[in-house]
Amino acid sequence: MKKLIILFFSSMLVLAACGQKEDSSSKDNNEENKQDNKQKEDSKKENANKSASNTEEQSTEEVTTDEQQSSEEENKNLNYKNVTDRDTLVKILYGDYTEEQKVIAYNSAVSNDVIPQGNVLEGPASAAYESSLRVESGEEKSIYDELPDDNQPSDEIVDRSNVMDFVEDYEGETLDTDSYTFKEPEHRDDGSWGFAYYTKDGELAGSYIVNEYGMVSKFDEDGIEE
């Protein structure tokens, strides 16, 4: 009887130990599965973040490229013949334009009082512009301030007898009658006086108009004011 009891308890101990091993093994498997699932989730999140980051970078690059192309197209379409603001002038002078177009833009800006006339008479338009900035800031004194203004309004009445004198004062020399033939001045409806001059071969060389205040305008053979 005692042997049976001992055998019974021994069997119970063996079964309990087996159960503990199975529970331990099951727990280990569950822990491993959880860790594997976590790693998979982390990997998915990381890949998703990388994909989103790449998409955002690509989108940013595309927007930047589009903006650059739009800006370049806008700069190419600027009206260099009639510049009315400094920002446009700067874009033309330092943009993709020919030197001739830049000179036209600079002269237009000066005519429109966007900037003062610079002291650079030859060379690139950008150099003339930089000289204009120095004149504007007072770093340079404009050479034009020292030149006499031959086209200021006069108190003298302009008539047929003295209209030529106003033109000679404007030119700074007597009229070249050896090379040109000057027509008789005509009194115009607006009160000004005008006359043309021709080469000795009879071809039109240009003309002058002197308004009632004695201010002179000179035109070439095509009627374009000089």
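The values are calculated or read from the model by the stated rules, or taken from the named source; none is laboratory data. This one's a predicted model, so the numbers in the text were calculated from it and none came from an experiment. Every residue, glycine among them, receives a Cβ derived from its backbone with ideal geometry; neighbour counts consider all protein chains shown. The protein model used for the area step is the full one, side chains on, heavy atoms only, and it has no ligands, DNA or RNA in it. Shrake-Rupley method; radii C 1.70, N 1.55, O 1.52, S 1.80 Å.
Once amide H atoms are built 1.01 Å from N in the peptide plane, which residues 5 or more positions from Tyr180, or in another chain, come under 5 Å H to H?
Distant-sequence amide H within range of Tyr180: zero hits.
Suppose the chain between Ser111 and Glu99 were pulled fully straight at 0.36 nm per residue; how much longer would it get relative to their current alpha carbon spacing?
Details: separation 12, 0.36 × 12 = 4.32 nm, distance 1.83 nm.
Separation in residues times 0.36 nm, less the Cα-Cα distance, equals 2.5 nm.
Per residue, how much accessible surface does the stretch 107-226 expose to a 1.4 Å probe? Answer in Å², no decimals. Before the final figure, lay out each step's value.
Details: 7680 Å² over 120 residues.
That works out to 64 Å² per residue.
In nanometres, what is the gap between the two model label sites at Glu184 and Glu171, each 7 Å from Cα along Cα-to-Cβ?
Taking the simple label geometry, Glu184 and Glu171 are separated by 2.0 nm.
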